[in-house]
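The values are calculated or read from the model by the stated rules, or taken from the named source; none is laboratory data. Computed from a prediction, not measured in an experiment: that's the story for all the values here. Here the Cβ positions follow ideal geometry from the backbone for every residue, glycine too, while neighbour counts run over all protein chains shown. Ligands, DNA and RNA are stripped out before the accessible areas are found, and what is left, the full protein with its side chains, is counted by its heavy atoms. Shrake-Rupley method; radii C 1.70, N 1.55, O 1.52, S 1.80 Å.
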Amino acid sequence: MTKPLHDQLALVTGASRGIGAATAIALAEQGAHVVLTARTAKALEEVEQRIFDAGGSATIAPLDLTENDAIARLAAAIGERWQALDVMVLNAAMLGSLSAVPSIDPKELARTLTLNVSAPAALIAAFDPMLRAAKAARVIGVTSSVGRQPRAYWGAYGASKAAFETLLGAYGDELATISGVRVAIVDPGATRTAMRARAYPGEDPASVKEPEVVARRIVELATAGFDAGHVERIDG
């Protein structure tokens, strides 16, 4: 039986662990060839091996999305091999330090905004032609509730996610009536990740859901489709 994403290409950022790794594996299970990006080559290789062991196919692209020309080089390399990009999951993000707004470190804020906002904008710009070339491309951005509901000490990260959501929402609105590209924003809710552990060091990891729960929903969106302007939170 043909899998839903057979012969399709997917790109997942922040794919070395957590939600990104689980999503890459889940997309491959549904037949996609998955390009995995993150900074740590060894961790990407481990995810790639898991995909291979399960009978899937993947390519790793170790890189720092904040480096000059990194995204352009990635797009050029992928464009040489494939004509279209069917699924792009924008998952890579930086938490930064949790601090009162007057105490936010300007340099760290700049790094956070670069990875959480500027890099996704550059990825969209670089892969827009390949997304439009797909029959029904899906762009799925992973966000946080603090982007819509400000919370004390989460100002820097929350601001970056608010900007991220606005960016993706605008892109989706721009393409809603002129292409097959659809954009969804997914808030994973409380999930067992390294970022979550940093933010809530006293929390029992077993008390929150595994990344695979989020990954399954992302794959459902990638395979079943959704209306323009789709935003959802994944509880459970």
Just give me the residues in region 77-117 being assigned to a helix (DSSP H, G or I), over 24 Å from V34 (Cβ atoms) and of a type in the set (S, T, N, Q), in sequence order.
S103, T112, T114
Six or more apart or on different chains, Cβ under 6 Å: which pairs go from a residue in region 145-157 that's under 12 Å from A100 (Cα atoms) to one that's in a loop (DSSP other than H, G, I, E, B) and open to solvent by less than 30 Å² (accessible area, probe 1.4 Å)? Could you list them?
A156/G96; Y157/L95; Y157/G96
For V208, indicate whether it is of a type in the set (A, V, I, L, M, F, W, C) and over 20 Å from V139 (Cβ atoms).
yes
Give, as residue ranges, the helices (runs of 4 or more DSSP H) completely inside region 120-236 that count at least 1 residues that are open to solvent by 20 Å² or more (accessible area, probe 1.4 Å), closer than 19 Å to A21 by Cβ and among the basic types (K, R).
194-199, 211-224
Is one or more of the residues making up region 203-212 closer than 26 Å to A122 by Cβ and touching a residue at least 12 places away in the same chain (Cβ under 8 Å)?
yes
Criterion first (farther than 27 Å from A136 by Cα and at pLDDT below 95) does G236 satisfy it?
yes
